[in-house]
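Q: What follows is a single structure, and I will ask about it in a moment.
Laboratory data are not the source of any read-out in this text; all were calculated from the coordinates shown. None of the values given here were measured: they were computed from a predicted structure. Every residue, glycine among them, receives a Cβ derived from its backbone with ideal geometry; neighbour counts consider all protein chains shown.
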Amino acid sequence: MGALLTPTRIAKGQRVIENLVERLKPWSWLWPPMAFMAGLSSFFLVDRQQWLGAALALGLLFAWALLLSEGVITRWLSHRGHPTPPRGVTTFIAQMIHQETLFFTLPFVLVTTVWNSGQTLFAILVAGMALLSIIDPLYFKVAERWRSLYFVFHALCVFLVLLVTLPIMVHLTTGQSLLLALGITVLVALPSFWHLLKQHSLKRWCAFFALTLVLAYGAWLGRIWVPPASLWMTSSALSPAFDVEQRLPQGSMRLTPQAIKENGLYVYTAIRAPRGLSETITHAWHHNGELMDIVELNINGGREQGYRAWSHKQNFPEDPSGQWRIDIMTGTGQRLGLIRFSVSDNSEQASLITGEISPSGLSGLNLRRFVPGRPNDDEARPDN
């Protein structure tokens with residue numbers, strides 16, 4: 001091995017890489033739109049051409065492996081007295097990989113974001129990072145001068161690529177992908193705080209580990225702001241009746257207390273997921289801001305229109321008047337969407353439901369009803 005990696009050969013290989021980078025720089029502006037189109041293609045074709053999404057994701061992970069090993073390779077060469085790659089070359093390569101990551105994952109984030117929730121802030125953050133990655137003066141200034149911020153930027157990119165690719169490649173659930181991505185992100189972000197250990201004292205080690213726990217806990221609390229990049233709503237509807245054979249909501253009704261007690265309320269939902277992915281989704285019913293009921297649903301990916309389901313709710317409070325909200329969540333608390341409606345004796349204030357299926361809807365599946373301390377009188381039907 002040592003005979004193969006002579007200083008002359010290493011220097012020659014380094015010059016080849018430097019020349020290649022110099023030739024690529026004038027064309028680097030093409031990289032972000034190419035990565036964006038690759039992500040867009042992977043997102044919309046993953047059900048029809050699953051191999052394409054897996055191939056793109058695999059290529060992206062391979063590029064990340066190269067980036068993560070750059071520091072190890074540099075130290076290995078330095079310890080053996082070999083020349084190391086110039087900082088400008090490695091930063092340029094890192095920039096290309098960051099651009100690939102951000103613009104590849106951006107379509108997944110934009111399409112799956114629930115825009116009337118805190119997920120909007122996360123989507124803006126990702127879009128801002130993508131913009132930063134293509135502004136060379138600002139990006140290189142962060143890379144050279146603000147190394148701690150650069151490590152955080154790098155860690156967030158790791159989080160995005162894992163969040164998007166794990167469900168596609170290995171069919172991990174959204175919750176499993178989120179937990180694994182959060183754990184790895186915290187580890188990748190830790191070099192930003194290694195300066196705490198410059199003086200090897202027990203106090204600094206305790207501070208470092210305490211910071212690690214705080215980062216992990218903060219990341220877990222913020223999961224509700226992270227869109228489930230592999231799942232998105234396709235349609236939803238509220239109706240007083242349902243055609244089981246056609247799997248279509250029917251009828252119209254003004255949501256007065258008497259009407260919903262007599263007829264109940266059907267909720268029709270559809271969620272799209274990658275083929276082969278099985279997920280647990282919940283419907284959380286809130287009345288005037290108070291959590292009332294939770295319905296658990298199991299969905300399977302692969303259906304282009306989304307996996308459909310419906311449930312018939314009949315168990316309402318004695319006085320159901322007020323504002324209702326149905327949160328559609330993943331098993332780990334990431335929001336997929338929500339439905340709002342009002343119940344009132346005043347016909348002008350009560351919502352009118354028509355059974356019309358609206359785009360960007362809800363979820364579906366093998367539903368089970370969980371209402372602690374209440375009779376289990378709701379019906380739920382999956383779409384087989």
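Q: Quick check: residue separation of Val214 and Arg147 times 0.36 nm, minus the Cα distance between them. What number comes out in nm?
A: Result: 22.0 nm gained on full extension.
Q: Which whole-Hz ³J(HN,Hα) couplings does the stretch 129-145 yield from phi under the Karplus relation 6.51 cos²θ - 1.76 cosθ + 1.60, θ = phi - 60°, glycine and proline marked x?
A: 5, 4, 5, 4, 5, 9, 9, 3, x, 6, 4, 5, 5, 5, 5, 8, 9
Q: Using 0.36 nm per residue, how much length does the chain from Ser358 to Leu179 gain when fully extended, once their Cα-Cα distance is taken away?
A: Stretched out fully, the Ser358 to Leu179 stretch lengthens by 61.2 nm.
Q: Same structure again: Between Asn288 and Asp345, what is the label-to-label distance in nm when each label sits 7 Å out along the Cα-to-Cβ direction?
A: Taking the simple label geometry, Asn288 and Asp345 are separated by 1.4 nm.
Q: Next question, about the same structure. Under a 5 Å amide H to amide H cut-off, with H placed in plane at 1.01 Å, what residues pair with Leu338 once short-range neighbours are removed?
A: Long-range HN contacts for Leu338: Ile328.
Q: Sort the stretch 251-292 into rounded, prolate or oblate with this rule: let a ≥ b ≥ c be the square roots of the eigenvalues of the Cα gyration tensor; rounded if a/c is under 1.5, and if a/c is not under 1.5, prolate when a/b is larger than b/c, oblate otherwise.
A: Working: a/c = 3.95, a/b = 1.86, b/c = 2.12.
Oblate, because a/c is 1.5 or more while a/b does not exceed b/c.
Q: Right, next: Could you tell me which trypsin sites (Lys or Arg not before Pro) in the stretch 219-264 are loop residues by DSSP with no more than 16 other beta carbons within 10 angstrom of their beta carbon?
A: Numbers: sites: Arg223, Arg247, Arg254, Lys261; in loops: Arg247.
Passing both the DSSP loop test and the Cβ count: Arg247.
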